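Readers should treat all values here as calculations from the given coordinates under stated rules, not as data from a laboratory. Just so you know, these numbers come straight off a predicted model, no measurement behind them. Note: ideal-geometry Cβ built from the backbone for every residue, glycine included; neighbour counts use all protein chains shown.
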Amino acid sequence: MKILHKHLLPFDNAFAFYTEALEGTNAFSEEVLSVISRETGQFFTLLPDNANLAQLCHFSEGILPEESKKKGKVGNLTGTHTYSLIPSLEPEFADFLYKQMQMHAYQFMSDDYNASYKEMKNKEWFNLYGMHYLEEIYYCLSPQNATPQLIEQCLSRSKTFWHSLSVLSEKSVLSNEERTLERQDIQTFCKFIRFSLVGAYDGEGYVVWEKE
């Protein structure tokens with residue numbers, strides 16, 4: 001586990017990045033943008049010592065050193081290949097979120113932009129942690145059932161090459177047998193945001209907004 005350090009980010013630059021990543025994506029993203037636009041808060045990121053800080057405000061570009069090259073099998077491809085693993089800070093950010101949840105009893109929610117409720121494949125995971133608003137799928141964790149590993153899985157399911165959204169809130173989303181959400185449920189959850197995380201740095205890290 002890498003040790004991460006906090007770096008404050010210029011509000012205008014970071015909010016422009018949030019807008020690009022979230023605008024027109026889903027109901028959750030729209031509510032998060034609405035809250036950030038009217039509430040007082042600050043943007044920051046968490047990075048290890050070896051991060052390239054010259055790239056700090058280049059949110060769509062990588063910021064971590066390239067991993068050393070390896071030789072071996074790659075997926076279903078035949079033969080031996082030379083490859084580099086894509087660096088990621090998901091374990092460290094999952095640990096950060098978990099500690100915040102345990103200290104302050106925050107609730108967690110992330111989206112799954114790649115999934116559709118009617119075409120969902122992993123119903124076992126959804127039945128454990130999922131909720132849906134129309135066709136949009138979200139994953140919810142409480143301080144009681146959250147673990148760093150579960151949070152990391154939620155972060156991974158939310159990630160695409162251009163979008164990822166996770167939020168810690170003071171309010172929970174109440175579960176029901178149908179595992180359905182109303183727009184008002186999402187609005188209430190987002191009204192009490194404490195932290196939001198949007199994937200950044202070419203998938204290597206996150207830009208965080210914290211409510212003051």
Let me know the shape class of segment 101-157, please: from the alpha-carbon gyration tensor, a ≥ b ≥ c as square roots of the eigenvalues, rounded when a/c is under 1.5, otherwise prolate if a/b is greater than b/c, or oblate. prolate
Excluding residue 203 itself, what net charge comes from residues whose Cβ is under 12 Å from its Cβ, given Lys and Arg +1 and Asp and Glu -1? -3
Counting only backbone N atoms under 20 Å from a point 7 Å out along Cα-to-Cβ of residue 175, the residues of segment 138-164 in range are 138-158
Order of 53, 141, 46 from fewest to most other C-beta atoms within 10 Å? 53, 46, 141
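List the relative contact order of the chain as a percent without decimals, with contacts defined as Cα pairs under 8 Å and 6+ residues apart.
26 percent
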For the table 159/191; 2/121; 6/191; 123/171; 6/121, the rows whose alpha-carbon distance is greater than 30 Å are 2/121; 6/121
Per-residue Cβ neighbour rank within 10 angstrom, fewest leading, 162, 209: 162, 209
Which GluC sites (Glu not before Pro) does segment 100-154 hold that lie in a coil by DSSP with at most 12 other beta carbons within 10 Å? 119, 135
Compute the Cα gyration tensor for the chain, then decide on rounded, prolate or oblate, letting a ≥ b ≥ c be the square roots of its eigenvalues: rounded whenever a/c is under 1.5, prolate when a/b is larger than b/c in the other cases, and oblate in all that remain. oblate
